[in-house]
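Each remark here refers to the structure printed beneath this line.
The values are calculated or read from the model by the stated rules, or taken from the named source; none is laboratory data. Just so it is clear, the structure is predicted and the values come from calculations on it, not from any experiment. Backbone-built Cβ (ideal geometry, glycine too); neighbour counts: all protein chains shown. Quick note on the areas: whole protein, heavy atoms, side chains included, nothing else; ligands and nucleic acids left out. Shrake-Rupley method; radii C 1.70, N 1.55, O 1.52, S 1.80 Å.
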Amino acid sequence: MKRIMVTGGAGFIGSHFVKYQLDIYPNIQVVNFDKLTYAGNPDNLKGVDESRHTFVKGDIADAVAVRQAMDGCDAVVNFAAETHVDRSIAGASEFIDTDVRGVYNIVEAAKTLGTSRVLLVSTDEVYGSIAEGSFKESDPINPRNPYSASKAGGELIGRSYFHTFGLPVIITRGSNTYGSHQYPEKVLPLFATNAIDHLPLPLYKGGEHNVRDWLYVWDHCSGIDRALRHGEPGEVYNVAGGNERENIVLTRRILELCGRGEDLIKLVPDRPGHDKRYSIDASKLRALDWRPTMDWDEGVALTVRWYQEHESWWRPIKTGEYLEYYKRQYGASAK
Ligand code: NAD
Ligand code: TYD
């Protein structure tokens, strides 16, 4: 692979993936196509080797712009998405535009241009909740909120292009990802930055014992890269962290790392339709020689320390649109 298009490469995981490609493959060129929504941030790309990185501001819902940027690339990896469950509950229109229509534009452009690999980054949330055991790729999907439903819609369009047109589409389904540069609406950076500021941590009441499987961002990137280069077209690969924790356990760990007491925990009304537990089995990707390497305790400590040491990254974000969102989402209950 010589030239790879990464969509959503100014976001959390996408920016790490851009750095991963540039670090690991000395001759690769990356075309980074990103709309720079509220979640996209050019600061996430500070220090990348500009001689091998081309940034294109664009919307995957714009078919012409997607085709132009993809021309000459031998692979495309799609991270671009609306990604926050709570925002999808408040209004799903942009989720449909980007996560469904946008993916259609990507596979359609790839079909026209004959792109030799299309990797669609998806989520374990498409399976829905599971009480016991772990989902395998062969299990049916059952998305239960507008975000996961829109991601499932994009996946299905992608898979249909494999079956109908032979387009070499590969899908990865990653578990909850954590690390530096994550927009502070997701639970870990939200709780860490609030704890630093002695602000309440809005834990969903009734969801304190809900379980997420935590995957360190660099491990997620290596999993996607493994599937991209060694996966079979038409196949789906789960990327699991193997670190299932109840939300209350994560919350206490963040408080401990920030030197704060549990009095900061503020139970707020639960998310509607809050999925209880996500769990996926990654043995299919492990059979391709992939392993997550980050220990959970160490990874969370490293991540919280990063937010402690990079206030200049997140303080400008926690203003303007963010504060309006925060007020809408948590209202008086977060005070
Ligand atoms: P993010 O919200 O941090 O970043 C999304 C990026 O996509 C931003 O840079 C944004 O500007 C860009 N974008 C949004 N709409 C766009 C559009 N229409 N055209 C072009 N660019 C657009 O997201 P993230 O957490 O880094 O997630 C990246 C991908 O990984 C998503 O597809 C998500 O579904 C998937 N995923 C995320 C997690 C997680 O825990 N964060 C877990 C599994 C899978
Ligand atoms: P989140 O980071 O939004 O990821 P996802 O919904 O994709 O799993 O949420 C992770 C868990 O944390 C989820 O069970 C909901 C919970 N949560 C809270 O308790 N309070 C919050 O303010 C947020 C954002 C999440």
With criteria (1) open to solvent by less than 30 Å² (accessible area, probe 1.4 Å); (2) more than 10 Å from ligand 1 (Cβ to nearest atom); (3) more than 22 Å from Y204 (Cα to Cα); (4) assigned to a helix (DSSP H, G or I), G102 comes up short on (2)
Elements of type helices (runs of 4 or more DSSP H) in the stretch 262-335, at least 1 residues being more than 30 Å from N142 (Cβ to Cβ): 296-309, 311-314, 320-330
When the residues of the stretch 23-52 are narrowed to those that are part of a helix (DSSP H, G or I) and open to solvent by less than 60 Å² (accessible area, probe 1.4 Å), which ends up nearest to ligand 1 (Cβ to nearest atom)? N44
Which condition number does N210 fail, the rest of (1) surrounded by fewer than 24 Cβ atoms within 10 Å (Cβ to Cβ); (2) more than 19 Å from D281 (Cα to Cα); (3) among the polar types (S, T, N, Q); (4) in contact (Cβ under 8 Å) with a residue 24 or more places away in the chain being met? (2)
Among the residues that make up the stretch 290-300, is at least one of them open to solvent by less than 70 Å² (accessible area, probe 1.4 Å) and farther than 19 Å from H16 by Cα? no
Inter-residue pairs, beta-carbon under 7 Å, first touching a residue at least 60 places away in the same chain (Cβ under 8 Å) and in the stretch 272-292, second part of a loop (DSSP other than H, G, I, E, B) and basic (K, R), 6+ apart: G273/R144; D275/R144; D281/K136
Which condition breaks for G259 when tested against (1) at positive phi; (2) open to solvent by 80 Å² or more (accessible area, probe 1.4 Å)? (2)
Output yes when any residue across the stretch 1-22 is without any contact (Cβ under 8 Å) to a residue 60 or more places away in the chain, surrounded by 24 or more Cβ atoms within 10 Å (Cβ to Cβ), farther than 23 Å from P316 by Cα and more than 15 Å from the chain's Cα centre (by Cα), and no when none is. no
Residue ID - surrounded by the fewest Cβ atoms within 10 Å (Cβ to Cβ), chosen from residues in the stretch 171-207 that are within 14 Å of ligand 1 (Cβ to nearest atom) and charged (D, E, K, R): K186
In the stretch 137-148, what count of residues is obtained for those that are more than 15 Å from the chain's Cα centre (by Cα), surrounded by 20 or more Cβ atoms within 10 Å (Cβ to Cβ) and of a type outside the set (S, T, N, Q)? 1
So, in the stretch 166-202, of the ones that are touching an Asp or Glu at 6+ places or on another chain (Cβ under 8 Å) and polar (S, T, N, Q), which residue ends up farthest from ligand 2 (Cβ to nearest atom)? S175
Can you find a residue in the stretch 59-69 that is in contact with a strand residue (DSSP E or B) (Cβ under 7 Å, 6 or more places away or on another chain), open to solvent by 10 Å² or more (accessible area, probe 1.4 Å) and in contact (Cβ under 8 Å) with a residue 60 or more places away in the chain? yes
Using the structure shown, decide if E82 is within 23 Å of R173 (Cβ to Cβ) and more than 16 Å from ligand 2 (Cβ to nearest atom). no
Note on the stretch 125-136: residues farther than 16 Å from G273 by Cα and crowded, with 24+ Cβ neighbours inside 10 Å are none
So the check is Cβ under 6 Å with 6+ separation or different chains; which pairs have a first residue in the stretch 79-94 that's closer than 26 Å to I4 by Cβ and a second one that's within 12 Å of ligand 1 (Cβ to nearest atom) and open to solvent by 30 Å² or more (accessible area, probe 1.4 Å)? F79/I13; E82/E94
Just checking, which of G241, G234 is crowded, with 22+ Cβ neighbours inside 10 Å and assigned to a loop (DSSP other than H, G, I, E, B)? G241
